[in-house]
Amino acid sequence: KMSLEFHLLNTQQAEVFEKVCRILSPFVVEFIGTFFLTMSIGFNLINTARKDLFAMQAALGIGGTLMASVYAGGHISGAHYNPSVTLAVWLSRRNKITTLDAAIYICVQICGAFFAALFQWSILHETFRITPAAEVGAGDAMVVEWFWTFLLCTVVLQTATTAPQAGNSFYGLAIGFTVLSGIVSVGCTFSPFNPAFALRY
């Protein structure tokens, strides 16, 4: 009898643990994904500035990190890693995220970016402040940033949240290359189209 009760207790504990993990896993994935993405952004931009390297190196590093993270976490959290993407998915009303989860996602993403900044500072003793190129005005940079963030959100919505594209194998590639091409094309803004990265400063 005691053995049976012990077995039932262990089964109940395992079920509770599994339920807690299922509830928390999307938020943990969002934290981890945002942490590595924003850490990649910071390291790549600082190293590019220090070594006077072509922006393609930073673009490949950041786009590649995003693509890998999207494939790794897409089936768990949707792999937003970006408050703008979370807001776009929520506003699309496709029942991909609830209002509460969207709010928690954004908080978790900001926290992930903040801890990435602390880690980056502990290694490089330097952080990266987003400023437009000298020949580009702040207003122009904001317009460019808005348009490319709009493109990123559109790509996410059309490749990862629609019924006709459900289960496709290219969504991570499309999302990663959108950021990669954006950095190469409009690198004058020195921004990765992610408010979580900007807010960490």
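The values are calculated or read from the model by the stated rules, or taken from the named source; none is laboratory data. It should be emphasised that the depicted structure is a prediction, and the values quoted were computed from it without experimental measurement. With ideal geometry, Cβ positions are generated from the backbone for all residues, glycine too; neighbour counts draw on all protein chains shown.
For region 151-179, the tally of residues that are outside any loop (DSSP other than H, G, I, E, B) and modelled with pLDDT under 90 stands at 3. Contact map, region 74-100: residues that are in contact (Cβ under 8 Å) with a residue 12 or more places away in the chain and over 21 Å from F170 (Cβ atoms) paired with residues that are of a type in the set (V, I, T) and in a helix (DSSP H, G or I), Cβ distance under 6 Å, separation 6+ or inter-chain. Pairs shown: P83/I106; S84/T149; T86/I106; I97/V89.
Of all residues in region 11-27, those that are under 18 Å from G73 (Cα atoms) have Cβ atoms under 7 Å from Cβ atoms of residues that are in a helix (DSSP H, G or I), 6 or more apart or on another chain, in S25/I76; P26/I76; P26/S77; F27/I104; F27/V108. When residues in region 68-98 are screened for being buried (at least 19 other Cβ atoms within 10 Å of the Cβ), more than 13 Å from the chain's Cα centre (by Cα) and closer than 14 Å to V29 by Cβ, 1 of them pass.
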